[in-house]
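For reference, the structure discussed in these notes is given below.
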Amino acid sequence: MKMIDIGQLAAQSGVPASTLRYYDEIGLISSVTRHGLRRQFGPEAIWRLRLIALGKKAGFSLSEIADVVGAGGVTELPRPVLKARVAEIDKQIEELQVLRDTIQHVAECTAPSHLECPRFQKLLRIATRQKSGDG
């Protein structure tokens, strides 16, 4: 098995060495050995870092990611948790689309004042209703 030095792993993954050391300490990845003081990782560290990055991008905490990709290897992906996260992402997308439409309208509206514009007032009501949870 070919070992990857922490510096090489940082360069290949784009993850700083300090973060790699932290991930090693909390069990998200595991160094196999050391060469002097430098940690050495197995080739599986690359795909584990990709899973961690995907989990972070999806909004999961490191603790939640650790439950799935802990030191013992990838466990069964929790489908109900993933489906719930998809629903949250869909809600975020909807909110961002309303925000985009509102900002775009403000940028292009020809009304003398945005407060006089019925479309802006409607978009504002929608945006604030979604944020407060009344929607």
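The values are calculated or read from the model by the stated rules, or taken from the named source; none is laboratory data. Owing to the predicted nature of the structure, the values given are computational and were not obtained by experimental measurement. Every residue, glycine as well, gets a Cβ built from its backbone with ideal geometry; the counts of neighbours run over all protein chains shown.
Before moving on, here are some points about what is shown:
- In segment 89-108, the residues that are over 29 Å from G55 (Cα atoms) reach residues that are modelled with pLDDT under 90 with C-beta atoms within less than 7 angstrom, at least six apart or across chains, in these pairs: T102/L123; T102/L124; T102/A127; H105/R119; H105/F120; H105/L123; V106/H114; V106/F120.
- Matching residues, segment 87-134, being among the β-branched types (V, I, T), under 32 Å from the mean Cα position of the chain (by Cα) and exposed (fewer than 11 other Cβ atoms within 10 Å of the Cβ): I93
- A45 meets the stated requirement of being more than 17 Å from the chain's Cα centre (by Cα), modelled with pLDDT of 90 or more and among the aliphatic types (A, V, I, L, M).
- Among the residues making up segment 55-90, those that are of a type in the set (A, V, I, L, M), modelled with pLDDT of 80 or more and closer than 16 Å to S30 by Cα are L62, I65, A66.
- Residue check for T33: modelled with pLDDT under 95 and polar (S, T, N, Q): yes
- Matching residues in segment 23-40 - criterion: being among the basic types (K, R) and either surrounded by 13 or more Cβ atoms within 10 Å (Cβ to Cβ) or in contact (Cβ under 8 Å) with a residue 12 or more places away in the chain (or both): R38, R39
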